[in-house]
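Engineer: Before anything else, here's the structure in question.
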Amino acid sequence: MPAIATSGLTKRYGTALPSLRRGSGGYGVGPDGVAAAPALDDLSIEVREGEIFGFLGPNGAGKSTAIRLLLGFLHPTAGSATVLGHPIDGASVEIRRRIGYLPGGIAFWDGLSGERLLDELAALSGRPSLLRSDLLDRLELDAATLKRPVREYSRGMRQKLGIVQALQHDPELAILDEPSEGLDPLMQRSFYGILDDLRASGRTIFFSSHVLSEVERVCDRVAIVRHGRLVALEDVAALIARRKRNVELRVTGAVPILHAVPGVSDVHVDGNLVTCRLEGDVGPFLAALRDYDVRDLTIEPSRLEEAFLEFYEDADAGSAA
Amino acid sequence: MNRAYFTHVWRANRWRLAIVAIALAAWGALLPIVFDAFGAQFQALIDSGIIPSQFARFGGGDIFSLAGSVALGFVHPIAVGLALVFSVGFAAAAIAGERERGTLEVLLARPVSRRRVYATALAASMLFAAVTMGALTLGALAGSAVVGRLAELGPANLPVVWLNATLLFCAFGAISLGASVSFDRLTPAIGTSLAIVLVSYFLDVIAELWPAAAFLQPYSLFHYLDARAGLSGFANPGDMVVLIGVTGVAIAYALVVFPQRDLAAPA
């Protein structure tokens, strides 16, 4: 059973008029009669149990809308979803009993001390705080800090407290919206370690971010959304492998003919300097160079960030066409 | 109702509640003392005809009798203003304030349904109304005892007056909570609630002072608080039925609207 499964999940804001609803696939219209822009459009994904799933996209892409739909804060315009086997419409409380949630830009009852806040939130969860002391240690939130009112906390300390409240009851599924925002690099590393341990113990993590380096570091699979639509869903490794790397080589003598080599594109020759882009397996490319006198060869390592940008460029090109 | 959330709400409001209750008790005690000291002089002033008789009564209260002065204590703007700290201030902020601050997210991320969150805030609002009106009633009792007129007051009727006043502020609490679940921001929720209270108060006052406007009085919720009749042992059960009915309608509205609303990310 997938931890999260969505099918055609759609959210549009605006006034839904019954007569227009029939003719526009359930989409609402604004007061000007123009169909409201979709915050999320036909999202179909499956998050497997025990994986760290990255949900990527720029600000306003629909990440938070998707999360809010899963938690029952928003009602879908169309489509359906289940979380831990429970439908989001009708079993929202049961879902929230089994998950931990870190909202983006989290706000707390600031008059409480950190300790009191965690106690009250644990009482509301109705589950023992099995992981609290370990999380506090790893995120370096000491007892003296926890005695202070939350209103005195820095942004980073609030974020750490947010992580602890989301994970302290050892949820089966953690939904984390921009979890590393405000954390310094050392704390980010500790946080990634926590995620690794949760995955090792079979927990599922749904992780929204626009920080690509951390998604690359911690996630098994990613979904990329743009303008509310899913543009990619695959393994991080596969995504990186599909990325076109920049290649630069210097040769003496004859210049290799690379245009027909599988995975090679955008070949430019400038004297003895050849540049191109390489996608996928490097074998055919190296085989094509075998009979040439290559003096220098640079293949830029694949980074998720560029794979991500390529997706967006492709999507832009598709839209323009 | 959710016990853990109720505990949170209680902890967050207990000192404010104590201050308001003490202030209301002091106010409740003051009016019998004022009546005892100056009631006869005020009566002479009214009898002289200098002040029109309708100005001598306010919301069923006056300062020419002990029951009248106690009744005045319940509808005077000072008492109403203090009671509204919770009936409007707390109730309107209970959901819309949490929404605006972003703390509703953290609360609703727990296994607590929206209806339970609402029911908890409603229960707290009703408790606060009962406590504040209890303090006012006990203050009136104490003030009457201080001036040696406890028997004249008829303490056996005070629970009825307390219930009548509590129901009035429960109704305002339920209306304010209805506004609270309808808005994402605190200002419109408080503004709407206060507007309803002020219009209601204005209708009651204008209808009492101006006979031609008397037909407006049934449209004011304050009309259904009759402390004077309660103290005389002639409380009208119909008044309480109206207040319970208004409260019920406000609760039904909130229970339908709140779970169906989309709670978009706070701005």
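Rundown of residues vs (1) of a type in the set (K, R); (2) more than 30 Å from A:L121 (Cα to Cα); (3) crowded, with 23+ Cβ neighbours inside 10 Å, yes/no style:
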position	(1), (2), (3)
B:F64	no, yes, no
B:L82	no, yes, no
B:G89	no, no, no
B:A92	no, no, yes
B:R101	yes, no, no
B:L107	no, no, no
B:R116	yes, no, no
B:V146	no, yes, no
B:A151	no, yes, no
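Engineer: Does the range A:155-164 include one or more residues that are in contact (Cβ under 8 Å) with a residue 60 or more places away in the chain and either in a helix (DSSP H, G or I) or more than 25 Å from the chain's Cα centre (by Cα) (or both)?
Structural biologist: yes
Engineer: Restricting the search to the range A:78-103, which residues are part of a loop (DSSP other than H, G, I, E, B) and closer than 14 Å to A:I175 by Cβ?
Structural biologist: A:L84, A:I88, A:P103
Engineer: Which count do you get for residues in the range B:77-95 that are under 12 Å from B:F169 (Cβ atoms) and aliphatic (A, V, I, L, M)?
Structural biologist: Of the residues in that region, 8 qualify.
Engineer: Moving to a separate point now. Can B:V112 be described as among the aliphatic types (A, V, I, L, M) and either outside any loop (DSSP other than H, G, I, E, B) or at pLDDT below 85 (or both)? Even if it seems obvious, please write down each step before you answer.
Structural biologist: Working: among the aliphatic types (A, V, I, L, M): yes; either outside any loop (DSSP other than H, G, I, E, B) or at pLDDT below 85 (or both): no.
The answer is no for B:V112.
Engineer: Can you pull out the residues in the range A:77-99 that are more than 8 Å from every other protein chain (Cβ to nearest Cβ), buried (at least 21 other Cβ atoms within 10 Å of the Cβ) and not hydrophobic (A, V, I, L, M, F, W, C)?
Structural biologist: Answer for the range A:77-99, where residues must be more than 8 Å from every other protein chain (Cβ to nearest Cβ), buried (at least 21 other Cβ atoms within 10 Å of the Cβ) and not hydrophobic (A, V, I, L, M, F, W, C): just A:T77.
Engineer: Also: Can you find a residue in the range B:71-85 that is away from every other protein chain (no Cβ under 14 Å) and either acidic (D, E) or not in a helix (DSSP H, G or I) (or both)?
Structural biologist: Within the range B:71-85, one or more residues are away from every other protein chain (no Cβ under 14 Å) and either acidic (D, E) or not in a helix (DSSP H, G or I) (or both).
Engineer: Return the total of residues in the range B:243-267 being more than 10 Å from every other protein chain (Cβ to nearest Cβ) and in a helix (DSSP H, G or I).
Structural biologist: So the count comes out to 16.
Engineer: For A:L69, all conditions in the list (1) part of a helix (DSSP H, G or I); (2) within 9 Å of another protein chain (Cβ to nearest Cβ) hold save one; what is the number of the exception?
Structural biologist: (2)
Engineer: What are the residues in the range A:104-142 that are touching a residue at least 12 places away in the same chain (Cβ under 8 Å), hydrophobic (A, V, I, L, M, F, W, C) and either in a loop (DSSP other than H, G, I, E, B) or closer than 18 Å to A:G156 by Cβ (or both), if any?
Structural biologist: Selection gives A:I106, A:F108, A:W109, A:L112, A:L117, A:L118, A:L130, A:L131, A:L135, A:L136, A:L139, A:L141.
Engineer: Then there's this: Mind listing whichever residues of the range B:104-135 are in contact (Cβ under 8 Å) with a residue 60 or more places away in the chain and either at the interface with chain A (Cβ under 8 Å from one of its Cβ atoms) or in contact with a Pro (Cβ under 7 Å, 6 or more places away or on another chain) (or both)?
Structural biologist: B:E105, B:L107, B:L108, B:V112, B:S113, B:R114, B:R115
Engineer: Give the residues of the range B:199-240 that are without any contact (Cβ under 8 Å) to a residue 24 or more places away in the chain and among the β-branched types (V, I, T), sorted by residue number.
Structural biologist: B:V199, B:I206
Engineer: Filter the range B:1-26 down to the residues that are away from chain A (no Cβ under 13 Å) and touching a Leu at 6+ places or on another chain (Cβ under 8 Å), then identify the one that is surrounded by the fewest Cβ atoms within 10 Å (Cβ to Cβ).
Structural biologist: So, considering only residues that are away from chain A (no Cβ under 13 Å) and touching a Leu at 6+ places or on another chain (Cβ under 8 Å), the one surrounded by the fewest Cβ atoms within 10 Å (Cβ to Cβ) is B:A23.
Engineer: Also: I'm checking my understanding of the structure. Among residues of the range A:103-147 that are hydroxyl-bearing (S, T, Y) and more than 9 Å from every other protein chain (Cβ to nearest Cβ), which one is surrounded by the fewest Cβ atoms within 10 Å (Cβ to Cβ)?
Structural biologist: Looking at residues that are hydroxyl-bearing (S, T, Y) and more than 9 Å from every other protein chain (Cβ to nearest Cβ), I get A:S133.
Listed here are the residues, each with its yes/no results for (1) at pLDDT 90 or above; (2) under 30 Å from A:E46 (Cα atoms).
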| residue | (1), (2) |
| --- | --- |
| A:A223 | yes, yes |
| A:V236 | no, yes |
| A:I240 | no, yes |
| A:E248 | yes, no |
| A:A254 | no, no |
| A:V261 | yes, no |
| A:C276 | yes, no |
| A:V282 | no, no |
| A:F285 | yes, no |
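The values are calculated or read from the model by the stated rules, or taken from the named source; none is laboratory data. Just so we're clear, the structure is a prediction, and the values are computed from it rather than from any experiment. Note that each Cβ is placed from the backbone with ideal geometry, even for glycine, and that neighbours are counted across all protein chains shown.
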